[in-house]
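Enquirer: Please read through the structure below; I'll follow up with questions.
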Amino acid sequence: MGTQPLLAAAGITKTYRTDAGEVSVLQGVDLEVHEGEMVAIMGASGVGKSTLLHVMGTLDRPDRGSLHLAGEDVLSLSESRRSEFRNRTLGFVFQFHHLLPEFTALENVAMPLLLARRSQEDAHEAAGKLLGELGLAERAHHRPGALSGGEQQRVAVARALAMSPRVLLADEPTGNLDRATGRTLHELLRRLVGEHRLSVLVVTHNEELARACDRVLRLEGGRLAPVWDAGTGGQPPRPIGL
């Protein structure tokens, strides 16, 4: 693409020290994600996909490499400024929704806004609008235990969107859902990309979700390799996973 990438990582390396010695997980990863683009990362279990997502989301620091988000060199920021930047620029969705069980769907979605010192009235209004957009208006005052798995995950997506992030990072978002419910979530993410001009970086084993993306990359041997790019035309290979 000719435009400046919204999220750009170069030469990312990450090594963990264990009782058995050092484990090199990422070995010079380069990755760019553009505005309005949906990119899938696939790969075998344990190759470091979640580690890469955490680095891209500034939840973990690489040993070496650079990371720029919306033109900002985020690795050069202090911890407090990086946290503030992360909270207003990035949204996160995980395999398990991590909703607070004692609060309603509306209250869960409003939580990031309240933590950002928005008034309760404004936070609840914004949360209600998001839940309505995701087809959950009638479930807004239900606690997570009264919601289906798919509804809980849509609440988690709404919460991730509460601060109007520019990038949504999703780690196996359909991993805890049945096939039909997972397909509904794929369609939702695709729609949100178009309507909110979101960029989405998703780690997944789900080939249907990967096929809904603009590009598919595979993490193997500590590096990313392209699998399919919608911009080049043609159909994705079958199968596209490992």
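The values are calculated or read from the model by the stated rules, or taken from the named source; none is laboratory data. Computed from a predicted model, the values in this text were never measured in an experiment. Here Cβ is always computed from backbone atoms with ideal geometry, including for glycine, and neighbour counts include all displayed protein chains.
Enquirer: Out of (1) out of contact with any Ser or Thr (no Cβ under 9 Å at 6 or more places or on another chain); (2) of a type in the set (D, E, K, R); (3) more than 15 Å from F94 (Cα to Cα), what's the single condition that is false for R183?
Expert: For R183, the exception is condition (1).
Enquirer: Scan G182, G222 and give me the residue that is modelled with pLDDT of 90 or more, crowded, with 16+ Cβ neighbours inside 10 Å and out of contact with any Asp or Glu (no Cβ under 6 Å at 6 or more places or on another chain). Full working, then the answer.
Expert: On the way: G182 fails: modelled with pLDDT of 90 or more.
Testing whether each residue is modelled with pLDDT of 90 or more, crowded, with 16+ Cβ neighbours inside 10 Å and out of contact with any Asp or Glu (no Cβ under 6 Å at 6 or more places or on another chain) leaves just G222.
Enquirer: So in the stretch 22-60, with the set limited to residues that are within 22 Å of G71 (Cβ to Cβ) and charged (D, E, K, R), which one is nearest to the chain's Cα centre (by Cα)?
Expert: Within the stretch 22-60, the subset within 22 Å of G71 (Cβ to Cβ) is 29-39, 52-60.
From the residues that got through so far, the ones that are charged (D, E, K, R) too are 30, 32, 35, 37, 60.
On the way: D30: 18, E32: 14, E35: 14, E37: 12, D60: 15 Å.
Out of the qualifying residues, it is E37.
Enquirer: Applying the selection to the stretch 75-131, what residues are modelled with pLDDT under 95 and of a type in the set (V, I, T)?
Expert: T89, V93
This table checks each residue for (1) outside any strand (DSSP E or B); (2) out of contact with any Pro (no Cβ under 6 Å at 6 or more places or on another chain).
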{"position": "Q152", "(1), (2)": "yes, no"}
{"position": "R159", "(1), (2)": "yes, yes"}
{"position": "S164", "(1), (2)": "yes, yes"}
{"position": "P173", "(1), (2)": "yes, yes"}
{"position": "V193", "(1), (2)": "yes, yes"}
{"position": "A210", "(1), (2)": "yes, yes"}
{"position": "A225", "(1), (2)": "no, yes"}
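Enquirer: If you go through the stretch 55-83, how many residues are surrounded by fewer than 19 Cβ atoms within 10 Å (Cβ to Cβ) and either touching an Asp or Glu at 6+ places or on another chain (Cβ under 6 Å) or at negative phi (or both)? Give the steps one after another, and end with the answer.
Expert: As a first pass, look at the stretch 55-83 and keep what is surrounded by fewer than 19 Cβ atoms within 10 Å (Cβ to Cβ): 59-61, 63-66, 68, 70-73, 75-83.
Filter again for either touching an Asp or Glu at 6+ places or on another chain (Cβ under 6 Å) or at negative phi (or both), leaving 59-61, 63-64, 66, 68, 72-73, 75-83.
Adding up the residues that qualify gives 18.
Enquirer: When you scan the stretch 60-73, how many residues do you find that are farther than 26 Å from E195 by Cβ and in contact (Cβ under 8 Å) with a residue 12 or more places away in the chain?
Expert: Quick first cut of the stretch 60-73, residues farther than 26 Å from E195 by Cβ only: 60-67, 73.
Those still in the list that are in contact (Cβ under 8 Å) with a residue 12 or more places away in the chain too: 60-67.
The number of residues fulfilling the criteria is 8.
Enquirer: Can you confirm whether the stretch 92-105 contains a residue that is part of a helix (DSSP H, G or I), buried (at least 17 other Cβ atoms within 10 Å of the Cβ) and in contact (Cβ under 8 Å) with a residue 12 or more places away in the chain? Before the answer, list the steps.
Expert: The initial filter retains those residues of the stretch 92-105 that are part of a helix (DSSP H, G or I), namely 105.
Then drop every residue that is not buried (at least 17 other Cβ atoms within 10 Å of the Cβ), which leaves 105.
Right, trim to in contact (Cβ under 8 Å) with a residue 12 or more places away in the chain and you get 105.
Yes, that holds for at least one residue.
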